[in-house]
Every structure is written in structure tokens, then in C-alpha cells.
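To keep things clear, I will list the structure first and then write my remarks on it.
The values are calculated or read from the model by the stated rules, or taken from the named source; none is laboratory data. Keep in mind it's a predicted model, so treat the numbers as computed, not measured. Methodologically, a virtual Cβ is constructed for each residue, glycine included, from the backbone with ideal geometry; neighbour enumeration extends over all protein chains shown. Protein only, heavy atoms only, side chains kept; ligands, DNA and RNA dropped before computing areas. Shrake-Rupley method; radii C 1.70, N 1.55, O 1.52, S 1.80 Å.
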Amino acid sequence: FFLRRSFGGNPVYSAVFMKYLSLMMARGHSIEYFIEGGRSRTGRLLQPKTGMLSMTVRSYLRDPARPLVFVPVYFGHERLVEGRTYIGELSGRAKEKESVLSLLKTIPALRSRFGKVYVSFGEPLPLDPLIRRHAPDWTGEPSGTDDRPQWLNPLVRELARGIMTHINAAACVTPINLIGLVLLATPRQSMGEADLARQLELYASLLRQAPYSPQVWVTAADGATMIRYGESLGILRRQSHELGDVLRMSSEEHSVLTSYFRNNALHLLLMPSLLACAFLSNATVPRADLHRLARRVYPYVADEYFLRWSEAELPAVVDELLEDLLNH
């Protein structure tokens, strides 16, 4: 259903919309919305916009006819139809307005191959337990008003962060994600075929043996299969060499676009890479120093990338990741 981008200065519209939202929930209809409020231009999750979320909670408090549960959904692509638009916007160009003409311009692109779209569902978030934690006196009875209790804003912030964290915890790791993670970290965005296949398999194996969460899916393809798949989508280009073929990004445009897919999965390897960084200039590092490093840095990266672990869980996570790195 349609809604205005801003309700400011129109209390009647806001009241009618809230009533409509409450009616839809009371009837048991599913409601879908994008909590970031706009498209990410980098592939990373944006900070959540809480306006619609707040209205949903207030509508529920007004008439809690049915239990309310938020189901986080992750979408993962392998190529973007609007790739050139994204590159332009990353360069500072204003977002183009939608029109019939812009729709017609996309028709020729539909002849291209865009790979697969992955959809996965994160761990659901029921609202009632969260309300009882913030408002122990809440009885579950209809409030009958649109008032904003003092505990509403902290509850909505916690709920918004929980949804984003659960979306990231349901990520899908495709061959294109892994190709971006590996090749974009090299100086010339190119590698020998054997080295690239080995590195792709290493990343996939690290993610499988010490999974970020039970909901994360990782491709079962081996390195050679991932390379062939990247070539079939036009992302990789092969350069023949007498010592072994070299694989590189097929164009500068594909390099920029592949950074989007790399960023989709970046959070899954943040903690292993943090630990690995400690060994760039040191042959040996005491385990206690690694724990201290993780403890100092984690709050910042966790807030930026919506990581799922609490600080109390961190020591066990570090030990598990160290074992994973040792095994490899």
C-alpha cells in the first residue's frame, strides 16, 4: 500500500495511517517493508530508519489482537540490472526518478545473464517478550490510544538493531561474493588460476567450518567451478600465459559492481581477518593479546556491521576462530 515519505505537518494523515496499519495487523495480514528506508549503494546494510517500525509497534499496542512477529529477510544477488545507475550514484550523481522511459530503457538489459537471486529467512523476533522486558507492567490489553510511552523509543531501537543483525546472520555466500572478497584484495585484481581456486576454497572452507551463524548458507562449489561460473557471467576474464592462465576482473565497471557483492558478505569474515591482521608483522602472538585486541576493536565493528555476538560471547568466538585458522 502507498504511504508518504513524510507525515510531518499532517496529523490527520498520520492518525488514519496508524488506524489502517492496526486494522491490517488485527486481520492477520503480513506486511513487508524495507527497514533501511532506501537502497544501499555499497552492498552493506544501512543504518535502520525506525519511523515505520515505531508506527507498527504503536499500532500493535493500540489493539494487540494477534501476536506480532518480525521475520528478517536477506536478499542476495549475483549481478545488478541497474549496475550503471549504481556506479553513477557512487560517483555523486543524483538518483534518477522512476519513469516509463527509464523502464523501457532496461528492456535490452533483460537479454543479459544475471545469475541467481538468493532469499533466506533469519531468526524471527516476537514483539511481546521485548515489550515485557522494557515495560514489565504491560498487561497485553488494548491501550486504545496512540500515546508514546517513555519506553517506546529504546524498545524500537533495540528491535531495529535486532532485525538488522538477524538479516546479516542469514546471509548467503555465493561464488560471486567469494570472487569479490579474494580478487578485490589483490593489487591488480588478478591472480593465477591455481592460486585463485585455492584461495576461493580456503575462504569457503573457513566459513563452513566455523559458521558465522546457523542460518548462513555457503556455496558447495569448488574453486575451479566458481571460476568457470564467474567467467560465464562475464565478471572474470582469462589471460593465457605459458606458466598458467591468469584471471582478472573483466572491466573496471565490473570491479566496482563486484565490490557491492563483496560487501554483502564482508561481515562474515571480519573477525577471522581481525585475528589474521595480528600476524602481518608478528610471527607469534600470545593468545591473551589476541583476546585483548578483539575485546578492544569488537564494539566498533559490531556497531558498524551489525555483528551478532555479545561482548560476553567474544572469548569463545575468538577461540573457535583461532582453531578454525589453525585447522587450515
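What to note about this one:
- Local net charge near Val71, Cβ-Cβ under 10 Å (Lys/Arg +1, Asp/Glu -1): -2
- For the chain, the number of Lys pairs with C-alpha atoms closer than 30 Å, counting only pairs eight or more positions apart or on separate chains, is 9.
- Among the protein heavy atoms of the stretch 74-222, carbon and sulfur supply 54% of the accessible surface, probe 1.4 Å, non-protein parts ignored.
- Low-density loop cleavage sites - trypsin sites (Lys or Arg not before Pro) in the stretch 141-198, where at most 11 other Cβ are within 10 Å (DSSP): Arg188
- For the stretch 103-108, Karplus couplings with θ = phi - 60° (6.51, -1.76, 1.60), whole Hz, Gly/Pro x: 5, 5, 5, 7, 4, x
- Axis angle, to the nearest 10 degrees, between helix 223-232 and the longest C-alpha principal axis of the chain: 80 degrees.
- Cleavage-rule hits (GluC sites (Glu not before Pro)) in the stretch 216-280: DSSP loop, at most 11 neighbouring Cβ within 10 angstrom: Glu242
- Legend: residues Cys172, Cys277, sorted from most to least accessible area (1.4 Å probe; ligands, DNA and RNA excluded), read Cys277, Cys172.
- With protein chains left intact and a 1.4 Å probe, residues in the chain average 57 Å² of accessible area per residue.
- Counting charges near Lys19 (Lys, Arg +1; Asp, Glu -1) among other residues having Cβ under 10 Å from its Cβ returns a value of -1.
- Potential lengthening of the chain between Ser14 and Leu325 amounts to 106.6 nm, from the contour at 0.36 nm per residue minus the alpha-carbon distance.
- In range of the label at Ser102: residues from the stretch 37-63 whose backbone nitrogen is under 13 Å from the point 7 Å along Cα→Cβ: 39
- Loop chymotrypsin sites (Phe, Trp or Tyr not before Pro), the stretch 261-328, which have at most 12 other Cβ atoms in a 10 Å radius of their Cβ (DSSP): Phe279
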